[in-house]
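The values are calculated or read from the model by the stated rules, or taken from the named source; none is laboratory data. These figures come from a predicted structure and were not determined experimentally. Note: ideal-geometry Cβ built from the backbone for every residue, glycine included; neighbour counts use all protein chains shown.
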Amino acid sequence: MLAQLKNEMLNEDSGASTHLIELLTSIRSDELEKQLLDESEEYQNCIKEEENSEAEVKSRQEMTDTLPRKMVTRMRF
């Protein structure tokens, strides 16, 4: 059976080799798509973490910027 399959694959006129190439191409494409989706998800998670960090830094900076103003305002009165 394996010898027959090998002969069909090596025969360019056989539809089996064309079908096998299409099948392998499809499988490889699916594997690459999954890999790219995983990488994209990881990248999106990193972007969200960075946005959250930036928002936290901005919030803390706003707090520290307004705190001295409030203290100065209280000291004047």
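Kindly check whether there is at least one residue in the stretch 57-70 that is among the small types (Gly, Ala, Ser), modelled with pLDDT under 90 and farther than 30 Å from Met9 by Cβ.
Of all residues in the stretch 57-70, those among the small types (Gly, Ala, Ser) come to 59.
Imposing the further condition that a residue be modelled with pLDDT under 90 reduces the set to 59.
Imposing the further condition that a residue be farther than 30 Å from Met9 by Cβ reduces the set to 59.
The answer is yes, given that some residue of the stretch 57-70 is among the small types (Gly, Ala, Ser), modelled with pLDDT under 90 and farther than 30 Å from Met9 by Cβ.
Evaluate the following for Asp30: is it assigned to a helix (DSSP H, G or I), of a type in the set (Asp, Glu) and at pLDDT below 90? Write out each step before concluding.
Working: assigned to a helix (DSSP H, G or I): yes; of a type in the set (Asp, Glu): yes; at pLDDT below 90: no.
Spelling it out, it is not the case that Asp30 is assigned to a helix (DSSP H, G or I), of a type in the set (Asp, Glu) and at pLDDT below 90.
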